[in-house]
Amino acid sequence: MNLVEILQQQAIDRPDAIAIVASRNGIVAHRQSITFTQLAQAANQAANFLQSVGLKSGDAVLIFQPMSIDLYVALLAIWRLGMVAMFVDPAAGKDHLDRCCKLYPPQGLIASSKAHLLRFRAPALRRIPHKFAIGFPVWGAKRWAIAAAQNSSVEPVVAETPALITFTSGSTGQPKAALRTHGFLLAQHQAIASSLQLKPNQIDLTTLPIFLLANLASGVTSVIPDVDLRFPGRIKADKVVRQIQKFQPQTIAASPAFLSRLADYCDRHNLKLTSFDRIYNGGAPVFPRLLDRLQNLAPEAEVYAVYGSTEAEPIAHIAYRQLQFEDLMAMQQGGGLLVGKPVAEADVRILPQTKDAILPLSREEFGDRCLPQGEIGEIVVAGDHVLSGYLHGQGDAETKFRVDGQAWHRTGDAGYFDWQGRLWLLGRCSARIQDELGVLYPFAVEAAVAQNPAIARSALIQIQGQRWLIVEAQAAGIDRLQENLAWAKIDRILQVKSIPVDRRHNAKIDYPTLYQCAQQWAKLSPNPPAKSVYSQTAISKL
C-alpha cells in the first residue's frame with residue numbers, strides 16, 4: 001500500500017477536518033491551516049508539477065525544508081509518484097552532503113530559497129538535474145508550485161518500495177544511509193499510533209516530523225510550534241504557550257530540552273497547561289525530575305517517558321504515575337534509568353556485551369544467549385518498525401544480526417529487565433567504566449544525580465584512568481555530592497557552566513566533545529582538588 005492512500009482515506013472520512021496548523025502561510029497552499037481534503041488536493045497537484053518536469057517513480061528528491069505545510073505537501077507528492085524523499089543534515093558540512101549525494105544520487109532538490117545558498121558550497125547540489133525553490137525566485141531553480149487542478153494516479157508500490165532515506169555519520173566518517181520502505185513507514189505509523197494512543201479529531205502540538213506523519217495517517221490535527229525546532233533547547237516558550245492557549249491541544253510529543261524550556265517559562269509565570277491529557281517526552285534520556293515538573297504543569301495529564309532510537313521508534317515507555325517510591329530509590333542508588341515495559345510491537349531482549357559482530361543465529365541459539373532478568377547486557381530489538389539494515393550494508397556488521405532470517409537491531413545501549421519485565425537503561429555500552437574498582441555505567445550515576453534540583457545535567461566519563469563526574473550545576477549543588485555518591489567511588493567532580501549536547505535534540509550529552517575538553521583541562525591541571533570549579537567556556541577556548 002502506498003502511504004498516500006491512507007491520507008486519501010482520511011480526506012474521505014473527515015474532509016473538512018484540519019490536518020495541519022502552521023504559523024505561516026504555505027507557499028503552495030497559501031494558508032496557515034489546511035484540511036485533509038485540501039492537503040490531498042495540493043499533494044495531487046504538486047505531483048503533477050513534479051511529473052511534468054520529468055521526475056518519475058524511483059527517483060530520489062532531496063528536501064531542505066523545515067516542518068511546515070509545504071514540507072508535507074512535497075512529501076506526499078513525492079510518495080504519490082513512487083519517488084524517494086531524501087533528507088541530509090546541511091549542518092554536517094559540504095563534504096558530508098557530497099558523500100550522501102554520491103551514495104544515493106538525487107534527481108530533484110526541493111528547498112527553501114535560503115537553503116539554495118548551499119549550492120554555492122556543495123558541488124553535489126549543483127549537479128542535481130531538477131531544482132525547486134520554496135519562497136522567492138532563485139537563479140537556476142524553478143519556483144515551487146502546483147499544476148492546474150487535475151488528477152494524477154497514485155503509483156502502486158509494494159512493501160519493499162523505498163520511500164524515505166536519511167543519513168547518519170558513520171564511525172569511519174562515511175555516512176550510513178537508513179532507507180525506509182513504504183512497509184516500514186506503515187509499521188512505524190502503527191507502532192507510534194498505538195503507543196501514543198492517536199485517535200481521529202485529536203489536536204496535537206507536533207515537534208517531531210515523523211510523528212506528524214503518524215498524525216496525518218490517524219486523522220489527528222497537528223499544530224506546528226511557531227519556533228525554530230532545530231534548537232529545542234533555545235525555543236521561545238512564550239510563543240509556544242500562546243499557541244497552546246489558542247488551539248488547546250490535548251497531546252504533545254517533544255524532546256526533554258523543548259519541554260524543559262516550556263516548564264521553565266510556565267513556572268516563572270505561574271501557568272498551568274490544562275488542555276493536555278497526555279504528554280510524551282523522548283528523543284533523549286528522560287529523568288523523573290522533569291516528569292514531575294511536567295505533571296505539575298499539567299495536573300490532569302498522563303506524562304510519559306518514551307525510549308526509542310532512530311532505527312526503532314518506539315521501544316518502551318512508562319507513565320510518571322507508574323513510578324513507585326522503590327523505583328526512585330533504586331535510581332538514587334545506582335539502578336539506572338527506568339524506561340518501562342516494551343511496546344507491543346517491539347521484541348526486546350538483553351544479550352551479553354561484545355564488540356564483535358554477531359553471526360546469524362537459530363532461534364534456539366538466540367534463546368540460549370539471551371540474559372535473564374536482572375543481568376546487564378546490550379539491548380537488542382526486533383519488529384516490523386525496526387530498521388533491518390542500512391543501504392549497501394554500510395554499518396550492518398556492527399549494528400545488525402539475524403535470527404532465523406529475522407533482522408535484529410543492536411541499540412548499543414546497556415540495560416536489564418527487572419522482575420516486573422520493565423526495562424532499565426544504564427547508558428551506552430561503549431561508555432561503561434571498567435577498572436580495578438569494578439564496572440560503573442554512566443546512567444547508574446547520572447540518573448542518581450539528576451534527582452538533585454540544583455544540577456541541570458551531568459556526565460560520567462573516565463579520564464586518565466580516573467572516574468570523573470562533570471556537572472552543570474549551581475555552586476551549592478555539589479556540596480554533598482561526593483558523599484552521596486560514595487558507592488560510585490568518583491575520583492573527581494568537575495563543575496562547569498555548560499555540558500555540550502547534541503545538535504538534534506539539545507539534550508543528549510555530546511561525549512566526544514566533552515572528552516576533548518576534559519582531557520585538555522587534565523593536562524593543564526594534572527592534580528586538581530577533588531571538587532573543582534572550571535568554566536566549560538574556558539575549556540573550549542584552549
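The values are calculated or read from the model by the stated rules, or taken from the named source; none is laboratory data. Only a predicted model underlies this, so the values are computations on that prediction, with no experimental measurement involved. Glycine also receives a Cβ, built like all others from the backbone with ideal geometry; neighbour counts cover every protein chain displayed.
Go through (1) closer than 26 Å to residue 168 by Cα; (2) at pLDDT 95 or above and name the single condition residue 515 misses.
(2)
Please enumerate the residues belonging to the stretch 73-108 that are among the hydrophobic types (A, V, I, L, M, F, W, C) and closer than 21 Å to residue 154 by Cα.
73, 74, 75, 76, 77, 78, 79, 81, 83, 84, 85, 86
Checking residue 53 against (1) touching an Asp or Glu at 6+ places or on another chain (Cβ under 7 Å); (2) closer than 25 Å to residue 8 by Cα; (3) surrounded by fewer than 23 Cβ atoms within 10 Å (Cβ to Cβ): exactly one of these is not met. Which one?
All conditions pass for residue 53, except number (1).
Can you tell me which of (1) closer than 24 Å to residue 290 by Cβ; (2) at pLDDT 95 or above is the one residue 210 doesn't meet?
Just one mismatch for residue 210, condition (2).
At least 2 residues that are modelled with pLDDT under 95 and within 21 Å of the chain's Cα centre (by Cα) in each: list the helices (runs of 4 or more DSSP H) lying fully within the stretch 1-110 that qualify.
Output list reads 94-103.
Can you give me the ranges of the helices (runs of 4 or more DSSP H) entirely in the stretch 201-319 with at least 1 residues that are farther than 26 Å from residue 184 by Cα?
237-247, 256-268, 288-297
Assuming residue 437 fulfils every condition listed in (1) crowded, with 17+ Cβ neighbours inside 10 Å; (2) more than 16 Å from residue 494 (Cβ to Cβ); (3) hydrophobic (A, V, I, L, M, F, W, C) apart from one, which condition is it?
The number of the failed condition is (1).
Which residue is nearest to the chain's Cα centre (by Cα), if the candidates are limited to the stretch 300-327 and must be more than 21 Å from residue 451 (Cβ to Cβ) and free of Cβ contacts under 8 Å to residues at least 60 places away in the same chain?
So the residue we want is 308.
Evaluate the stretch 453-467: report whether one residue or more is at pLDDT below 90 and surrounded by 20 or more Cβ atoms within 10 Å (Cβ to Cβ).
No, there is no match, as no residue in the stretch 453-467 is at pLDDT below 90 and surrounded by 20 or more Cβ atoms within 10 Å (Cβ to Cβ).
Quick check: anything in the stretch 524-536 modelled with pLDDT of 90 or more, over 25 Å from residue 168 (Cβ atoms) and of a type outside the set (S, T, N, Q)?
no
With 511, 515, 441 as the choices, which residue is under 17 Å from residue 286 (Cα atoms) and either among the hydrophobic types (A, V, I, L, M, F, W, C) or within 32 Å of the chain's Cα centre (by Cα) (or both)?
441
Residue by residue through the stretch 107-124, note down the ones that are touching a helix residue (DSSP H, G or I) at 6+ places or on another chain (Cβ under 6 Å) and without any contact (Cβ under 8 Å) to a residue 40 or more places away in the chain.
Answer for the stretch 107-124, where residues must be touching a helix residue (DSSP H, G or I) at 6+ places or on another chain (Cβ under 6 Å) and without any contact (Cβ under 8 Å) to a residue 40 or more places away in the chain: 119, 121, 122, 124.
Might you let me know whether the stretch 148-168 holds any residue that is out of contact with any helix residue (DSSP H, G or I) (no Cβ under 9 Å at 6 or more places or on another chain) and among the hydrophobic types (A, V, I, L, M, F, W, C)?
Taking every residue of the stretch 148-168 in turn, none turns out to be out of contact with any helix residue (DSSP H, G or I) (no Cβ under 9 Å at 6 or more places or on another chain) and among the hydrophobic types (A, V, I, L, M, F, W, C).
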